[in-house]
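Everything below concerns the one structure shown next.
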Amino acid sequence: MQRPIMTTVSFLRRPSRAATLDDIHIAQDLVDTLDANRERCVGMAANMIGESVCIIAVVDEDLGGRITTMLNPQITTQDGAYETQEGCLSLQGERSTLRYRRIEVSWQDIRGRARHAAFTGGTAEAIQHEVDHTLGIII
């Protein structure tokens, strides 16, 4: 189910609790909401739809634009720092931020299986932005 976008900064600043398999319905709503906003968004965190749970969804360029859902993502490696400008559906305008060209991430998929992969380019940038959301960090 598509949900409205949360814009309350005090809510977005709260770190998210760990996700469990009981939260899969939130993951599906997150994917539905991201899919509905694809023309202006490449990633979302659950707090952006009003759920303070550590779940993100990103459009994965390396998988032909498929949406990848991650429960409890943790960036384990980052290389190639650069400054960039990012926008966010939850905020007005763009802001400067530090990102990394290559990252490695550990997470659980929607079946609870442990995953680990490397990401580059726009997908890596989107993951970093959404992981920041789960930590209560707003660009």
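The values are calculated or read from the model by the stated rules, or taken from the named source; none is laboratory data. Just so it is clear, the model here is predicted, and its values are computed rather than measured. All Cβ positions, glycine included, derive from the backbone under ideal geometry; neighbour counts span all protein chains shown.
Brief remarks on what is shown
Here's the yes/no breakdown for (1) farther than 19 Å from residue 108 by Cα; (2) modelled with pLDDT of 95 or more:
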position	(1), (2)
30	no, yes
38	yes, no
45	no, yes
56	no, yes
68	no, yes
73	no, yes
83	yes, yes
89	yes, no
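- Residue in region 8-25 that is of a type in the set (Phe, Trp, Tyr) and not in a strand (DSSP E or B) present: yes
- Restricting 64, 93, 121, 80 to residues that are loosely packed, with under 15 Cβ neighbours inside 10 Å, touching a residue at least 40 places away in the same chain (Cβ under 8 Å) and on the phi > 0 side of the Ramachandran plot narrows the list to 121.
- Checking each residue of region 32-54 against the condition of being more than 20 Å from residue 4 (Cβ to Cβ) and either part of a loop (DSSP other than H, G, I, E, B) or under 11 Å from the mean Cα position of the chain (by Cα) (or both) gives at least one match.
- Among the residues of region 10-37, those that are farther than 11 Å from residue 47 by Cβ, loosely packed, with under 13 Cβ neighbours inside 10 Å and either touching a residue at least 60 places away in the same chain (Cβ under 8 Å) or among the small types (Gly, Ala, Ser) (or both) comprise 10, 18, 21, 36.
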